[in-house]
Amino acid sequence: MQFRALLENTDHETTRKMTKPLALISHAFRVASFPFALFRGSWFFIALFVVLFDFGHAAKAQSIQEGQSLFGTKCYSCHNIGSGDKTGPDLKDVTMRRTKEWLHEFINMPASMNARGEATANQLFKKFSPTVMPDQGLTTEQIDSILAAITDLTNKNEVFVPAGAKLSRAIVWTDVPAGMQLFSGRVKLQNGGTACISCHSLKGVGALGGGTLGPDLTAVNIKYRDPELIAILQNPAFPTMATQFSTHALSNEEIVQLFALFQNAKQLNPMPATQAGVTTLDPKFFVIGVAAMLLVLALMNLGWRNRSRGVREELVRRATQ
Ligand code: HEC
Ligand code: HEC
């Protein structure tokens, strides 16, 4: 009660009228009671708490979101979260498997960590050889946000699904031949990227096969599920391709057409050669093969018959002249 009286009595006149020691005591009381005065208005604390709590929440959500989008463009070509190893290991749980310091160093400099003989890096490099994760050159905050996104999905036991890895429209049948034209370079890529065939081959495209710098893509839609493959076409993070396509990205139309081509290749060749075994021949293919050969022979016969008739007619004409 006394505090209150003093606090409410902030009138300088009154203070000055007091004797000096009394004024001092009053001042001391006023200072000491300041926090209690605030406490009186406990709404202040509640509001402060709500604001800070909310702010923390929003900042965390934003960082997770940023991490998800970074992961989608920079890491998803090679890593899943929760759906198995790809070119690199599945990163589910990785924030529990490794320390934060280890992760920060590894993500930006995996090769040099391996070179200096760090045991875990050595193990990983051995297991995933010959692929080597490229240095990522990310800021501390960017890595933190990616790690926050990984932890968030791990805790929720959810799989990473990239937000944008969808085709811009439905596939129509003309997309397959259009994709073939793009793949083989007969139609130029809109933004000037190099034709896929200079580094890749695909069964049925190009009589001489394609380049060998990149892997054969016949079974690529078996190796990668649809959103994984679409994300690679949108944003190939493999070093060799990134140098080409980070500045010459495929257009949305080209992505639809190339995806259609790979999906079609999967339907024509449902089993990758390594799984099907090279020695087993599907009887269906044998029948198709024989039929195709007969057709070719029949066509050739047709052509030759005309030609020989032409010659014969000429001979007959000359003989009867
Ligand atoms: C070109 C493929 C590629 C890209 C892109 C890539 N990585 Fe990797 N990552 C690998 C490979 C391969 C390994 C296994 C070690 C090795 O051989 O380099 C690996 C290992 C890791 C590991 C160690 C996993 C463990 O079990 O300890 C982490 C963490 C990691 N990568 C994070 C990232 C992050 C984050 C990004 C994106 C910013 C990224 N990687 C981009 C290929 C890649
Ligand atoms: C300059 C050479 C080059 C060109 C051009 C190129 N790629 Fe690649 N691509 C590569 C290399 C090398 C890899 C393997 C990366 C790795 O595994 O580290 C690759 C990997 C891929 C993969 C993943 C394959 C797998 O099995 O993991 C896909 C899909 C792909 N490329 C699609 C394409 C498409 C579509 C085009 C044309 C629009 C294209 N690439 C043009 C070099 C190239």
Residue by residue through region 240-264, note down the ones that are surrounded by fewer than 17 Cβ atoms within 10 Å (Cβ to Cβ) and more than 7 Å from ligand 2 (Cβ to nearest atom). Ala242, Thr243, Ser246, Thr247, His248, Ser251, Asn252, Glu253
For region 96-133, name all the residues that are within 16 Å of ligand 2 (Cβ to nearest atom) and surrounded by fewer than 15 Cβ atoms within 10 Å (Cβ to Cβ). Ala111, Lys127, Ser129, Pro130, Thr131, Val132
Filtered residue count, region 199-221, keeping only those that are within 10 Å of ligand 2 (Cβ to nearest atom) and surrounded by fewer than 18 Cβ atoms within 10 Å (Cβ to Cβ): 7
Against the condition of a type outside the set (Asp, Glu), within 30 Å of Ser201 (Cβ to Cβ) and touching a residue at least 40 places away in the same chain (Cβ under 8 Å), how does Met180 come out, does it pass? yes
Expected single match for surrounded by 16 or more Cβ atoms within 10 Å (Cβ to Cβ) and either farther than 20 Å from Ala237 by Cα or within 16 Å of ligand 2 (Cβ to nearest atom) (or both) among Lys74, Lys92 is Lys74
Have a look at Ser145, Ser168 and point out the one that is of a type in the set (Gly, Ala, Ser), touching a residue at least 60 places away in the same chain (Cβ under 8 Å), on the phi < 0 side of the Ramachandran plot and not in a helix (DSSP H, G or I). Ser168
Just one of the numbered conditions (1) in contact with a Leu (Cβ under 7 Å, 6 or more places away or on another chain); (2) near ligand 1 (Cβ under 7 Å from one of its atoms) is not true of Leu147; which one? (2)
Under 6 Å between Cβ atoms, at least 6 apart or on separate chains: pull out the pairs that start in region 231-259 with a residue that is closer than 14 Å to Cys196 by Cα and end on any residue that is among the acidic types (Asp, Glu) and more than 9 Å from ligand 2 (Cβ to nearest atom). Gln257/Asp175
Quick one: which of Ser63, Ser42, Ser83, Ser69 is under 28 Å from Ala231 (Cα atoms) and either more than 24 Å from the chain's Cα centre (by Cα) or within 16 Å of ligand 2 (Cβ to nearest atom) (or both)? Ser83
Per-region count, region 265-275, residues modelled with pLDDT under 90 and surrounded by 14 or more Cβ atoms within 10 Å (Cβ to Cβ): 2
Hey, Thr151 hits all of (1) in contact (Cβ under 8 Å) with a residue 24 or more places away in the chain; (2) among the polar types (S, T, N, Q); (3) out of contact with any Cys (no Cβ under 9 Å at 6 or more places or on another chain); (4) within 15 Å of ligand 2 (Cβ to nearest atom) but one; which does it fall short on? (4)
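The values are calculated or read from the model by the stated rules, or taken from the named source; none is laboratory data. Not measured: the values here are computed from a predicted model. Quick reminder, even Gly has a Cβ in these numbers, built from the backbone with ideal geometry, and neighbours come from all protein chains shown.
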